[in-house]
Amino acid sequence: MSGRLTRPRLDPITSRRFIGAAVATVWLLVLACIALVLVTDELVSDAGRPDLTQGLTEGFMYVLAMLSALVVGSALTIRRPRHPVGWLFLLLGALQAVGPAMTGYAAYGAVARPGSLPFAAVVAVVADSAYLLWFVAIALVFHLTPDGRPLSPAWGRLAWATVISGVVAIGSAFVTKANLDPPLAEIETPVPLTGVADELDAVRVAAGIATGLGVLVGALSLLVRFRRAAGRERRQLLWLAPAAVLIPVLVAAAFVTSYLDYQAVLDVVGGLFLILLPVATGLAITRYHLFDVDRILSRALTYALLSAVLAAVYVVVVVAAGAAVGESQLSAVVATLAAVSVAGAARRRLQDAVDRRFNRRRFEAVRMVREHVHDPAPDVTIDDVLRRALGDPDLRVAYWVEGRGEWVTGDGRPTVAGDDDVRLSGPDQPIASIGGAPGTPRELLHAVVAAARPELDNAGLRAAVALQLVEVRESRARIVSAADASRREIERNLHDGAQQRLVALEVKLGLARRLASGGTAVLLDELRTDVHETLTELRDLAHGIYPPLLREHGLGEALRSAAGRAARPTTVDVATERRFEPGAEAAVYFCCLEAMQNAGKHAGVGASVTVRVAEAADGGLEFEVCDDGAGFDPAATGESHGFVNMRDRLGALGGRLTVESGPGRGTVVHGTLPV
């Protein structure tokens, strides 16, 4: 025999109509069994044996359990006919109805009116052993949830062992002399084998125990499956937690019933188990709200514990107040007020305790966010805290700027909110939109966003201000770019217009000088010299407006050319051959040029200047102009117009400028520029 359970295979031509007919047949069978219970109750009462009646109201929990199994089994069978668990629940629900019907049949045909119905004694034995079939069905449900297959071939063999044990236990009941449970206690075994009675009785007891153990083995397989599972399957199995909690309670209740003869305990716990098991299993198999299962179970456990705490508070206060003031309505009022007063704080503490124990990730994430909201760390944004709390470096946070009607990032850059983002809204407008990675649980994202609400609201206000700063910075950058463009255009116009005309005039004066003599020749020499000097000054002017070397060859050539014209000995070290945006190169060039001119004016005689330009670690540009001259006290002299111009030029492009100097220590001008 194979150790692997196989799911029932339907013929490809089998239609949903057949499945619907099978489900309807089970429901009709159940209704027929209920009707048979009512009829046999009436018959045994008329026969003078009202003690044999069963009734429906006395087993109310089991009626609910039967309906739970039937409803879930029907839904699973219709939606997933190839999954065996749906059929098992239909079988379990049918057994819960057939058992009482057979009991009523046997009670009337073999006890109230012996011999009035055929095979009444045989039916009695089957009815008395029906609970073993329940055990088999429940064990198989454990083995086959959630994917319809045993955990492994070895576990499959254990499942088959449970089935065989149940069959052997029921079969041996027909041939052993055993006492049946009420109301069938007066019925004897139909065909007892007297020669091997003791051996068969031992077999029957062992098989019954093995069947009961098979349920525990099935539950153990479910636990092992849960421990090995990950991702979606693990979340599916979490739905079975409420039913799994009742398994040890059910075992304890069985012992209480055995020793104290108090059946009500077993009825309540067993009924709850049989009600919850189909519902939890159905939710697991259908993958219902998998990403909310942690939150649902956590809230359910929290409110269950809260109910117990409030009930305990109420009872204690009622007893204490009753002892103090005697029997009075006052004690109930005081107890109610006490329970209400502790409800809020108790719920928060219990929720934290449950989350700490069963949802550690959520607890730690929310705790991290709350700590930042309570005491924000400097230079740490709520965006960074959310990314660390969720373990998602790509988390997107967008803030709504109502006056502009657009979403922006925390630093004021325009962005787009995702359709699947978690939206945080105020009374009349959105506040923030947070989008996490696909694997981030929605419930966890909602929890941390709710905890971060005060700081997200503040961050939204800062984002609106940042948007204005970005627009100002971009406006300044546009102004600087326009000015540089005008410089380039003026330089080209001078080079292509006035300079070319002066060059032509100088050439013509040279030709005229060759033809002239005497005083005219002297005058032409003077004119040619004046034109040459004017041309030189115009070239210097054009280079100062925007040097062609910067446009054509970059910072290195342009700065080295400027250093050659500097008032103080200047060394240039450009450690990159990379070309940058024209605006960035122009900003660095003119800042370096301004610093060299300042050194030429104020560093003093004998001072030297060093210019360094390099690519920054973040890919931007950085430069440094230092001299070993007289230096100055920045606090005493303040910033000159030249430093203000440099700072504004760099600031327009998002850069920064620092100046370090002191009397006798020279001056260091350092600038950085993102590109």
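The values are calculated or read from the model by the stated rules, or taken from the named source; none is laboratory data. The structure displayed is predicted, hence computed values, not measured ones. Quick reminder, even Gly has a Cβ in these numbers, built from the backbone with ideal geometry, and neighbours come from all protein chains shown.
Every condition in (1) buried (at least 16 other Cβ atoms within 10 Å of the Cβ); (2) under 24 Å from residue 472 (Cβ atoms) is met by residue 668 except one, and the failing one is (2).
Of the residues in region 637-647, at least one is assigned to a helix (DSSP H, G or I) and touching a Gly at 6+ places or on another chain (Cβ under 8 Å). For region 130-166, a residue qualifies if it is in a helix (DSSP H, G or I) and without any contact (Cβ under 8 Å) to a residue 24 or more places away in the chain, and exactly one does: 164.
Could you tell me whether any residue of region 557-571 is surrounded by 20 or more Cβ atoms within 10 Å (Cβ to Cβ), modelled with pLDDT of 90 or more and within 24 Å of residue 675 (Cβ to Cβ)? Yes, that holds for at least one residue. Scanning region 424-443 for residues that are surrounded by 14 or more Cβ atoms within 10 Å (Cβ to Cβ) and not small (Gly, Ala, Ser), which turns out modelled with the lowest pLDDT? This residue is 443. Restricting attention to region 94-107, does a residue exist that is part of a loop (DSSP other than H, G, I, E, B) and under 57 Å from the mean Cα position of the chain (by Cα)? For region 94-107, residues part of a loop (DSSP other than H, G, I, E, B) and under 57 Å from the mean Cα position of the chain (by Cα): absent. Residues of region 564-591 that are over 51 Å from the mean Cα position of the chain (by Cα) and either in a helix (DSSP H, G or I) or not small (Gly, Ala, Ser) (or both): 564, 565, 568, 569, 570, 571, 572, 573. Which pairs turn up if I take residues in region 575-598 that are over 23 Å from residue 641 (Cβ atoms) and look for partners that are of a type in the set (Lys, Arg) and modelled with pLDDT of 90 or more with beta carbon separation below 9 Å, at least 6 apart in sequence or on another chain? Sorted first by the residue in region 575-598, then by its partner, the pairs are 575/612.
Restricting attention to region 349-380 and to residues that are closer than 26 Å to residue 309 by Cβ and more than 22 Å from the chain's Cα centre (by Cα), the residue that is modelled with the lowest pLDDT turns out to be 350. Test residue 614 against the criterion of being modelled with pLDDT of 85 or more, outside any helix (DSSP H, G or I) and crowded, with 19+ Cβ neighbours inside 10 Å, and give yes or no. Considered against the rule, which asks whether it is modelled with pLDDT of 85 or more, outside any helix (DSSP H, G or I) and crowded, with 19+ Cβ neighbours inside 10 Å, residue 614 comes out as no. Checking each residue in region 421-471 for being within 16 Å of residue 405 (Cβ to Cβ), out of contact with any strand residue (DSSP E or B) (no Cβ under 9 Å at 6 or more places or on another chain) and part of a helix (DSSP H, G or I) picks out 468, 471.
Anything in region 188-211 that is modelled with pLDDT under 75 and in a helix (DSSP H, G or I)? List them, or say none. Of everything in region 188-211, those that are modelled with pLDDT under 75 and in a helix (DSSP H, G or I) turn out to be 197, 198.
Here's the yes/no breakdown for (1) of a type outside the set (Val, Ile, Thr); (2) crowded, with 22+ Cβ neighbours inside 10 Å; (3) assigned by TED's automatic domain parsing to the domain that holds residue 277; (4) within 30 Å of residue 46 (Cα to Cα):
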position: 102; (1), (2), (3), (4): yes, yes, yes, yes
position: 108; (1), (2), (3), (4): yes, yes, yes, yes
position: 115; (1), (2), (3), (4): yes, no, yes, yes
position: 122; (1), (2), (3), (4): no, no, yes, yes
position: 125; (1), (2), (3), (4): no, yes, yes, yes
position: 142; (1), (2), (3), (4): yes, yes, yes, no
position: 149; (1), (2), (3), (4): yes, no, yes, no
position: 154; (1), (2), (3), (4): yes, no, yes, no
position: 157; (1), (2), (3), (4): yes, no, yes, no
